[in-house]
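Everything below concerns the one structure shown next.
What follows draws every value from the coordinates through simple rules; no lab data is involved. Computed from a predicted model, the values in this text were never measured in an experiment. Heads up, the Cβs are rebuilt from the backbone with ideal geometry, glycines too, and the neighbour counts pull from every protein chain shown.
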Amino acid sequence: MMRRTRPGEAVSRRRTAKVVAVLGSCALTIGVTGTASAAAGERHGTPRSTYVALGDSYTSGPAIPLQVDANCARSDHNYPSITARARRVASFTDVSCGGATTTEMWQAQGTNGPQLDAVKRDTDLVTLQIGGNDVGFGSIISTCAGLGSKDLSGNPCQQYYGAAGYDQLTLKILQTAPKVARVLRAVHAKAPHARVVVVGYPDLLPDDGTGCYPIVPFAAKDFPYLRDTGKRLNVMLRAVALLNRADYVDTYGPTVGHDMCKAPADRWIEPLSPASPAAPAHPNAKGQEAMAQALAKTLSSGSGHR
């Protein structure tokens with residue numbers, strides 16, 4: 001006898017199918033950069049008073065003046081600080097830390113305690129930007145830079161990460177998805193009434209796939225490969241946010257045209273030899289401002305489902 005499908009099961013199946021479809025695009029396509037509005041609790045224009053920022057160095061803002069935490073390379077002009085001032089929040093705690101992975105949500109990092117410890121029951125806004133170090137941003141950049149000079153017109157980096165017969169970076173992104181999901185579940189458990197926002201990563205390399213050796217010392221055909229890897233990471237973060245009742249902020253789209261190949265006056269991401277105060281391959285002050293504006297746009301939008 002065929003079992004009757006319960007209403008809740010049908011909703012669950014539809015949601016699962018939707019997320020699986022998005023995660024599938026992570027492995028096969030790279031064209032999604034939109035904002036998923038899927039968080040709870042904030043009506044249009046209603047400010048949040050207790051804000052906690054979690055994240056890695058793209059959040060903390062290393063080398064951007066004024067540095068307020070040497071251990072975590074944290075700036076008071078990173079996008080969470082800009083957001084907190086603009087929204088005039090009553091309480092603001094920024095525990096983002098350079099080098100953080102999802103593990104540091106539960107484990108101390110130098111003088112920085114476990115980041116999730118900052119989230120309390122009365123916290124009503126949490127932003128999270130994490131996953132880049134789980135995938136291995138730093139080692140990827142150094143590996144590809146080292147290989148670039150050996151085959152300037154080719155794709156030695158892509159060949160290196162595909163030597164096993166599959167793309168190792170795509171696999172790492174997929175393996176990071178459940179780690180980010182676990183963080184979001186923990187945030188919801190600690191702060192059940194908070195609006196939770198996942199912040200994506202900005203555009204590091206030219207969106208049209210062109211290169212700029214030697215400013216960025218990658219081989220010509222590795223530029224589109226690494227661009228696509230960054231997009232896949234953002235697709236994954238968007239999907240995980242959707243599944244875990246969080247908003248997603250697209251910072252890639254707003255930073256296109258300001259990547260680290262652009263002239264110093266035009267770029268918001270610094271190359272491996274920065275001209276403005278910032279860590280190599282990281283947002284400078286203009287990049288942090290751009291991410292703050294993208295976050296503000298999401299926070300001013302209508303709320304999603306719980």
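Structure data summary
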read-out: Flagged links, alpha-carbon separation over 21 Å, of 120/297; 231/262; 262/286; value: 120/297
read-out: Label point distance in nm, residue 171-residue 107, each placed 7 Å from Cα along Cα→Cβ; value: 2.2
read-out: Rg/Rh (Cα only; Kirkwood hydrodynamic radius) as it applies to segment 171-306; value: 1.02
read-out: Segment 77-131 - Rg (one decimal) and Dmax (whole number), Cα, Å; value: 11.6, 31
read-out: Hz values of 3J(HN,Hα) by residue in segment 129-137 - Karplus curve (6.51, -1.76, 1.60), Gly and Pro given as x; value: 10, 8, x, x, 6, 5, 6, x, 3
read-out: Vicinal HN-Hα couplings computed from phi for segment 198-208 (Karplus, 6.51 cos²θ - 1.76 cosθ + 1.60; Hz; Gly/Pro x); value: 8, 9, x, 9, x, 7, 7, 10, x, 5, 7
read-out: Segment 271-287-segment 172-241 distance, computed between alpha-carbon centres (Å); value: 18
read-out: Placed amide H near residue 74: partners under 5 Å, 5+ positions off or other chain; value: 68, 69
read-out: Hz values of 3J(HN,Hα) by residue in segment 240-246 - Karplus curve (6.51, -1.76, 1.60), Gly and Pro given as x; value: 5, 4, 4, 6, 10, 6, 10
read-out: Descending Cα extents along the principal axes, segment 135-232, whole Å; value: 52, 28, 19
read-out: Rg and Dmax of segment 155-198, Cα atoms only, in Å; value: 16.3, 48
read-out: Residues 72, 212 arranged by fewest to most Cβ contacts within 10 Å; value: 212, 72
read-out: Residues with amide H under 5 Å from that of residue 129, placed H, sequence gap 5 or more; value: 54, 55, 56, 199
